[in-house]
1. Mind telling me which of the residues A:106, A:51 ends up being within 12 Å of residue A:211 (Cα to Cα) and either under 17 Å from the mean Cα position of the chain (by Cα) or open to solvent by less than 40 Å² (accessible area, probe 1.4 Å) (or both)?
2. Taking the condition of being outside any helix (DSSP H, G or I) and among the charged types (D, E, K, R), how many residues in the stretch B:131-174 meet it?
3. For the stretch B:213-220, check the following and say yes or no: at least one residue is at pLDDT 85 or above and surrounded by 16 or more Cβ atoms within 10 Å (Cβ to Cβ).
4. Which pairs have Cβ atoms under 7 Å, sit 6 or more apart or on different chains, and link a residue in the stretch A:174-185 that is under 14 Å from residue A:266 (Cβ atoms) to one that is open to solvent by 30 Å² or more (accessible area, probe 1.4 Å) and polar (S, T, N, Q)?
5. Limited to the stretch B:268-299, what total is found for residues that are surrounded by fewer than 22 Cβ atoms within 10 Å (Cβ to Cβ) and aliphatic (A, V, I, L, M)?
6. Pairs, please: C-beta under 7 Å, at least 6 apart or cross-chain, first residue among the hydroxyl-bearing types (Ser, Thr, Tyr) and in the stretch B:75-103, second crowded, with 19+ Cβ neighbours inside 10 Å and assigned to a helix (DSSP H, G or I)?
7. Name the residue that is farthest from the chain's Cα centre (by Cα), counting only residues in the stretch B:416-428 that are among the hydrophobic types (A, V, I, L, M, F, W, C) and either surrounded by fewer than 22 Cβ atoms within 10 Å (Cβ to Cβ) or under 16 Å from residue B:466 (Cα atoms) (or both).
8. Looking at the stretch A:238-250, I want the residues that are closer than 22 Å to residue A:74 by Cα and have a partner that is outside any helix (DSSP H, G or I) with Cβ atoms under 6 Å, at least 6 apart or on another chain. Which pairs are those?
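The values are calculated or read from the model by the stated rules, or taken from the named source; none is laboratory data. None of the values given here were measured: they were computed from a predicted structure. Cβ sites come from the backbone with ideal geometry, for glycine too, and all protein chains shown count toward neighbours. These accessible areas exclude ligands, DNA and RNA; they are computed on the full protein's heavy atoms, side chains included. Shrake-Rupley method; radii C 1.70, N 1.55, O 1.52, S 1.80 Å.
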Amino acid sequence: MSPLKTLLDIPKIFWVNVALIVAFSLISSRYMTILNAINIMQQGAVLLVITAAMTIVILSEGLDLSLGAVMTMAGVVSVLALGAGLPVPVAILAGVLSGTFLGAITGTLIAFCKMSPFIATLGMQGVIFGFTLALTHSKAIFTDNANFILIGSRIGRYVPLAAILCGIIFLSVWATLHHTKFGRYVIAIGGNESGAHLSGINTTFWKWFVYVFAGTVTAMGGIILAARLEVADPIVGVGWEFDAIAATVLGGTSLTTGRGDVSGSFLGVLLIMLLRNGMNVVGTPPIWQPALMGTIIIFAIAFQVSTTMREEAGR
Amino acid sequence: MPRISSSAAAESSPLASSEYVLQVRNVSKAFPGVQALDNVSFDLKPGEVHVLLGENGAGKSTLMKIIAGAYLPDAGEILIDGQPAANLTPRKAQELGVGIIYQEFNLIPFLNVAENIFIDQLPTRQLIRLDHKTAHRKAREILASLNMEVPTHALAVELSTAQQQIVEVAKALTHNSRILIMDEPTASLTDREIEQLFMTIRELKSKGIGIIYISHRLREMKEIGDRVTVLRDGRYVGTHNLSEVTVDSLVTMMVGREIDLLYEHDEVSLGEEVLRVEGLSSKATGLRDVSMNLRRGEIVGLAGLVGSGRTELARAIFNADRHDEGRIIIFGKESKGKTPKDSVRNRIALLPEDRKRQGLALILSVAENVLSASLDKVFPRGWVDQRKQKSLSDEYIKILRIATPSGARITRDLSGGNQQKVVIAKWLATGSEIFIFDEPTRGIDVGAKCEIYGFMNHLKKNNCAVLMISSELPEVIGMSDRIFVMREGTIVAEVSRGEATQEKIISYAMDAAPERPANSGTDQNPARADPGK
């Protein structure tokens, strides 16, 4: 493989990221610092986890709009468990299992009841959000448990523990996709579900498991977020699923063909975080940030998708 | 008592298992409204190719799916190695040694060859971690045992159809399949690829694997098959040694009537030139300097191997793809059209090869499909008048003898032949005069084929022009007034009806024509007559 070919094989989105970094550092001298880089990592870490979960779901030709709500619920469950006096590991486990449980319900609706993922997860989003409000009496619940807060904090100035933990989760998801049967079945179901079924794969079970897996992974992200913010806020997760979908698509994963990879989603998350952080650093008025963000994401996706589609047409 | 039962078992089971690897006894299966199989029996010996023959809707697919465990029969039983195999599931059938290669693409596009071959039994080590190395090594071994080379790291989407089939065969072998069902394996293969597939099949036979071979191509099954079982309308017609039956008698068994003239041909006086292509080239689709023409009152065949650019040429003429160079002249005027919509206005009809996806909206009714390309014309005010739609579409259903209870029937529920007729009706309704058929009879039973040939002739006699792409040489030769042969994106020969033979066309298509001068590539159309004359 020639060096030029290797260079061309790098996803376009990578160059968009490079361009953003160059642009922001030209605008602001405060941008290119180690501390700001660590900031981006800490802030983006949880989105990375949820996007990894979302990518798995999308690769299986599914969709999970309830992941933001699952994330919130997991944080709330953990913090409530702490408040009830349970030890930290038990509280964390309770939070994670809440995600597993919710994923199992979502998965049952989709895999066994054959509901459309869009409808099923939109419904679940409402249900989970409602229960979270009820559990918290729609108030943020603060925690001061030092051991719990530790997992979301940074040690000293330069060791972002939340980012490291999320990085490990992300790598585990990547390894699951590439190095386990489940991961290969995800690609199989997304790429050719009837073919997978006729090859003797229990597609119904594995489809169910996709949502169980996504719920579990997302819950881990939710707990780390609650620890980082030192609060379980019942509305913290609103809209996160859309960021995760955007990051997944930006990373080159196709919504319909089982084509894509978790590694691309990393670049998608990076783009979103670079934009968010960059706009703050260069002083974009907050009221304009969402509109600007949306516009740039649309252009970036158009840019990425046009490449993906051209490649697919060329096959 | 124990003595009796054990001796009975000793008598029947070893005998049965040595002679037949599969026995299907008196199987019936009904679907809502259809008796798909009615008391059908079938058996398979190790190391034989047993052809299953029948028109579409004869029950072949249903029988195949029952053997593979995809459907459960309503009555009857299946014995594998002499042992009753009740309540089969796809998984259980696989474990009992039934492998199946469906006609549809059943590989996983974005998994590689090794992963596809071992999809349901991926080797692992350290609990759940996949052992990619072993998978690739074993995959290479299996492919080598078939004398085939396919890169095991290639993704399935990157393979040719022939390679995909080899992967499917390899996949079946991983389960130690002793019964291999192949559903129209040659449907989209070129002649050379078919030869390769037959070599693989002979390899499988020598391993003692019994093969159930489903095909519509009668001559090909004479070459590869040992026995044939004919089904008609879900009923068992008979089983014969292929060496003892003629192609004609097989056709008779299938349709239950004599087909003395499969290909109709009438001489019609030629009219004006309606289509002329000059020097058409396209980088994206690989067309190179294509020139051809088409007149009223003729059927022109477009022959060539799969991938030689025939479909690409058809799409270019129809403005479905852009071209870089060259001119397309329609009814004497240079076409300025840029989209298929312009082509429809120019009275061109394209009946694509993949009619289910490109020719029809399967979930719409027959009536809606019939009028789908002429809505502007029939309902210029934009309001679809249901009564008018019904009366108009009923007319076409009658003219084309589309077998459907009513125009309201969902098109998906029709047989392949009738779906093709709906596509024809759709273009008749637009008032088209230039008809481009891309593999019009692919996957269609003999009866419907005859009718479609009849319509092509009807079009010809009614002063229309027909361009027919076909991979079936007898069809091209039987139907065409002239034949253009394509190879590697360009037309390499024009053959008149009188001088067309299968050997001649094949040799042009495969670059084996004896009269081809041995000079450089500057003259790309050496054997070609002047198209204007």
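1. It is A:106.
2. 2
3. yes
4. A:174/A:263
5. Going through the stretch B:268-299 one residue at a time, the tally reaches 4.
6. B:102/A:198
7. Among residues in the stretch B:416-428 that are among the hydrophobic types (A, V, I, L, M, F, W, C) and either surrounded by fewer than 22 Cβ atoms within 10 Å (Cβ to Cβ) or under 16 Å from residue B:466 (Cα atoms) (or both), the one farthest from the chain's Cα centre (by Cα) is B:428.
8. A:241/A:65
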